[in-house]
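Student: Supplied in structure tokens, the structure appears directly below.
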């Protein structure tokens, strides 16, 4: 760069621009105009002298009659012409140097803009870890770097689908989805190669091409790749006279390398944060579980120990002894149920696979209703037609008993069990309905989680019953949901795979 400066200064002195160390192109053009103006005047004068000498011949008078003067005039003319040509050569060289310097300055300016954009992305990597903010910074920096009118960032979701998560310039594209290989972005993601498009994109080249709000004259699309993994695609476009070049494509490709690192870091941060929140929530649930178990186990044990100690201290009437023994028996069974519930949850998650048998739904539901009737609970039953399912009989019985018990404890009778087949006949839906307050909207999302108990629930329990139900249902290939009944109450719906084997047709109402 210093040598170029010295050459510019030397050429400027040669052509007479001594007051400029780095003259402008305008000053060079003025110097050229002055040179050729003077040259024109001098050459016209010299040409006039030569014409005069040629026309006077032997009649030449004065200085023109001497041969040395004539020869000198000719040589003077030639010398001045050579002088003008030499100055023109230096002026052209100076012009070329100034043009090269301008190109270099423009390239350096573009490089500085590129580095500034990369520095912005680097700052985002180091100071911002929220994915939405990182994407906004990346897209804004890319548009500023290339003076583009709009663009988008599409991230890969799943194995073969791209979704637009950050958009500028065409609002309808927000949230748009593409398959790998579709449109321009899908093509770039699949091929892993940057793409420059000038003029309208070809529908023959790009499958299911997505059009913009306004015609796009020039566009760039580059893949976002981190450690060999495609994260998404960065797109920018121009709708004015702006035409992108291969240089712009290289600049955006370099920019995308740093952007991909930023996106990967932000995603990793969000994943780790979600994992930490999950661990904190699990720790909270375990703490609640320990407190709940301690309370639930202490209550029956206190009753049992109180009765035993009272009976040991003094002799009691047979009727009083019977009451104490009944309390001991009841609380012992309650303690046993609590322990069995914990063990059932553990076995349901890690135990062997459940059996798969053809179950007559009407018989299974009727058996549960009979068991509840022995406890003084009235349960109505309605089974539409002859329904069979493929499942584990004991698991199905436990599911229905837990749901009915939940309906009586947290809801209000009368309780009903209904069984119907879906329209396509592939699933059988078992519904347990009550007339209680229902499940609050705030509790619906976590009602089937372990140790989950509603905020207003005061009944005893450890919050494992519905979790056990969900686990048993899913291990049989089914699903469970809860909704509010129009007339009030909760409706738990269990869907289980239907069996092709049909028992004899019957309608069950109980």
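Only the coordinates and a few stated rules stand behind these numbers; no lab work does. Note that this is a predicted model, so its numbers are computed, not measured. A quick note on method: Cβ atoms are made from the backbone with ideal geometry, for glycine too, and the neighbour counts reach across all protein chains shown.
Student: What distance in nm lies between label points placed 7 Å from Cα along the C-beta direction at residue 485 and residue 329?
Tutor: Rounded to a tenth, the inter-label distance reads 3.4 nm.
Student: Suppose each label sits 7 Å from its Cα in the direction of the beta carbon; what would the residue 336-residue 409 distance come out to in nanometres?
Tutor: The two pseudo-label positions are separated by 1.8 nm.
Student: What ranking, highest mean first, results for peptides 157-167, 177-187 when packing means the other Cβ atoms within 10 Å averaged over each residue?
Tutor: Sorting 157-167, 177-187 by mean packing, highest first, produces 177-187, 157-167.
Student: Taking neighbour counts of Cβ atoms within 10 Å as a proxy for exposure, in what order, fewest first, do 78, 311 appear? Intermediate values should be presented prior to the final figure.
Tutor: On the way: 78 11, 311 15.
The most exposed by this proxy come first: 78, 311.
Student: For region 130-273, with equal point scatterers placed on the C-alpha atoms only and solvent neglected, what are the log10 I(q)/I(0) values from the Debye formula at q = 0.16 1/Å, to two decimals?
Tutor: -0.77
Student: How much length would be gained if the chain were fully extended between residue 47 and residue 157, taking 0.36 nm per residue of separation minus their Cα-Cα distance, in nm to one decimal?
Tutor: Stretched fully, the residue 47-residue 157 segment lengthens by 31.3 nm.
Student: To the nearest 0.05, how large is the calculated FRET efficiency for residue 92 and residue 144 if R₀ is 35 Å and r is the Cβ-Cβ distance?
Tutor: Approximately 0.40, to the nearest 0.05.
Student: Taking the Cβ of each residue in 359, 153 as the centre, tally the other Cβ atoms inside 10 Å and list the residues starting with the fewest.
Tutor: Ascending number of Cβ neighbours within 10 Å: 359, 153.
Student: Tell me, how many Å apart are the Cα centres for region 135-180 and for region 391-440?
Tutor: Their Cα centres are 46 Å away from one another.
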